[in-house]
2 protein chains.
Amino acid sequence: MADEVKILDFWPSMFGMRVRVALAEKGVGYECIEEDLSNKSPLLLQMNPIHKKIPVLIHNGKPICESAIIVEYIDEFWNDRAPLLPSDPYERAQARFWVDFIDKKLYGSVRKIYGGKGEEQEEGKKEMMEILKELEKVLGEKDYFGGECFGVLDVSLVGFSTWFGGLESVGNFSIETECPKLVSWAKRCSEKESVSKSLPDSNKISEFIVQFRKKIVG
Amino acid sequence: MADEVKILDFWPSMFGMRVRVALAEKGVGYECIEEDLSNKSPLLLQMNPIHKKIPVLIHNGKPICESAIIVEYIDEFWNDRAPLLPSDPYERAQARFWVDFIDKKLYGSVRKIYGGKGEEQEEGKKEMMEILKELEKVLGEKDYFGGECFGVLDVSLVGFSTWFGGLESVGNFSIETECPKLVSWAKRCSEKESVSKSLPDSNKISEFIVQFRKKIVG
């Protein structure tokens, strides 16, 4: 029996993008079910009763929640191709550390930029650049965070790069000036088929941010 | 060459306790280096420059940070004995989900009880009981969260149980009334050698909480 793979998703979500890219890397087909986050579906509430958040991967009827955990699940279930995590325990721990760093730090700064004004937005920009500079150090001269191969940290960060242009525009700052390697990395990733077919166009994200600010920030 | 294993630790930390219990489960000897968190050592700042937090596992000179990541590292490096994570990908994802739930939710509520007063403390008690009731449902009728065997979720939660008495005392509430199975589980765990030799006496934790409140909360 073929695997039935669904994602409860929201198209601009960088966390949803992780799941889409990971499945594309594995060559696994899936159905995306778009959620209205202002009116969550009974299916979402049933599949993720604890956090009530997207993305949720529903694999043969069983839910897996939290994007970093979903990506590891995908890597472990489809373990015969395109490994996302390194095999060495120490390297795995380092990759997990940086994915966790993104989860704990990066989204909060992004939120302040696209959803904030004045001082809060300035703080978000400062924080975001500090975080990206750390990540640029981790990338170093490598093609991908995974080295020669696109790996779990690439999967986990690449969705954020679709937001870069829109954030720069509303925040009036430049990521490339301070993090040129990271911006080259994002471009390199976007040329991969697994990425290009899984992520929305960055212009659509910019428009989403503009509309969000009109409605929410004022 | 024998492995050199050190933990940068702080004895009342439930996150440090995870690392101690995981190593004990694997039968790995280690040296604990106690940190003064009000005056962090140059070694801690060097080994965990990003978060500057304990615990840090230093294995043959190389640092691994963040307790949940350390526990997975320990399980993967010493993979020939006492498996902590289940082998099935779906069960692994579920175990990781609940460890992550503890990390995202439980400590925050504990902090409000031991470090707060009045309304904040009441809120902490309410939150903590909701969280523990969820965990009690996950435990169900099993001996351990891992089923018949003590596993990663047991390792990750057991340190919190040393705080239960002290929290009940300063918050004037009873965990056992609403979560009797969880309290039996904690007792069952405390009878395991890997746990009893790794965790401080709960009376010492209660005294630590009293002293902390005298100094900080007033």
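The values are calculated or read from the model by the stated rules, or taken from the named source; none is laboratory data. Remember, predicted model here, so these are calculated numbers, not experimental data. In this analysis, Cβ positions are derived from the backbone assuming ideal geometry, glycine residues included, and neighbour counts consider all displayed protein chains.
Key figures
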quantity: Lone unmet requirement of (1) crowded, with 21+ Cβ neighbours inside 10 Å; (2) of a type in the set (Val, Ile, Thr); (3) under 29 Å from residue A:71 (Cβ atoms) for residue B:138; calculated: (1)
quantity: Sole exception among (1) away from chain B (no Cβ under 11 Å); (2) at pLDDT 95 or above; (3) under 23 Å from residue A:9 (Cβ atoms) for residue A:115, by number; calculated: (2)
quantity: Some residue of region B:105-115 being touching a strand residue (DSSP E or B) at 6+ places or on another chain (Cβ under 9 Å) and under 30 Å from residue A:48 (Cβ atoms); calculated: no
quantity: Flag for residue B:22 being under 30 Å from residue A:58 (Cβ atoms), surrounded by 15 or more Cβ atoms within 10 Å (Cβ to Cβ), of a type in the set (Gly, Ala, Ser) and within 14 Å of chain A (Cβ to nearest Cβ); calculated: no
quantity: Pairs with Cβ under 9 Å, 6+ apart, first in region B:38-51 and more than 15 Å from residue B:6 (Cα to Cα) and without any contact (Cβ under 8 Å) to a residue 40 or more places away in the chain, second surrounded by 11 or more Cβ atoms within 10 Å (Cβ to Cβ) and aromatic (Phe, Trp, Tyr); calculated: B:50/A:97; B:50/A:101; B:51/A:101
quantity: Of the criteria (1) out of contact with any strand residue (DSSP E or B) (no Cβ under 6 Å at 6 or more places or on another chain); (2) within 24 Å of residue B:133 (Cβ to Cβ); (3) not in a loop (DSSP other than H, G, I, E, B), which one residue B:86 fails; calculated: (3)
quantity: Candidate set from region B:81-108 (those that are among the small types (Gly, Ala, Ser) and more than 7 Å from chain A (Cβ to nearest Cβ)); member that is nearest to residue B:2 (Cα to Cα); calculated: B:82
quantity: Checking residue B:83 against (1) crowded, with 18+ Cβ neighbours inside 10 Å; (2) in contact (Cβ under 8 Å) with a residue 60 or more places away in the chain; (3) of a type outside the set (Gly, Ala, Ser), the condition it does not meet; calculated: (1)
quantity: Region A:116-133, residues that are in a helix (DSSP H, G or I), in contact (Cβ under 8 Å) with a residue 24 or more places away in the chain and either touching a Cys at 6+ places or on another chain (Cβ under 6 Å) or exposed (fewer than 15 other Cβ atoms within 10 Å of the Cβ) (or both); calculated: A:132, A:133
quantity: Single residue of B:150, B:208 found to be within 22 Å of residue B:16 (Cβ to Cβ), assigned to a helix (DSSP H, G or I) and touching a residue at least 60 places away in the same chain (Cβ under 8 Å); calculated: B:208
quantity: Boolean, residue A:157 is under 18 Å from the mean Cα position of the chain (by Cα), outside any helix (DSSP H, G or I), touching a residue at least 24 places away in the same chain (Cβ under 8 Å) and under 28 Å from residue A:5 (Cα atoms); calculated: no
quantity: Residues being part of a helix (DSSP H, G or I) and aliphatic (A, V, I, L, M) - total across region A:26-45; calculated: 3
quantity: Matching residues in region B:47-80 - criterion: being in contact with a Cys (Cβ under 8 Å, 6 or more places away or on another chain) and either at the interface with chain A (Cβ under 8 Å from one of its Cβ atoms) or surrounded by fewer than 20 Cβ atoms within 10 Å (Cβ to Cβ) (or both); calculated: B:50, B:51, B:53
quantity: Filter pass, residue B:43 being more than 12 Å from the chain's Cα centre (by Cα), modelled with pLDDT of 95 or more and surrounded by fewer than 22 Cβ atoms within 10 Å (Cβ to Cβ); calculated: yes
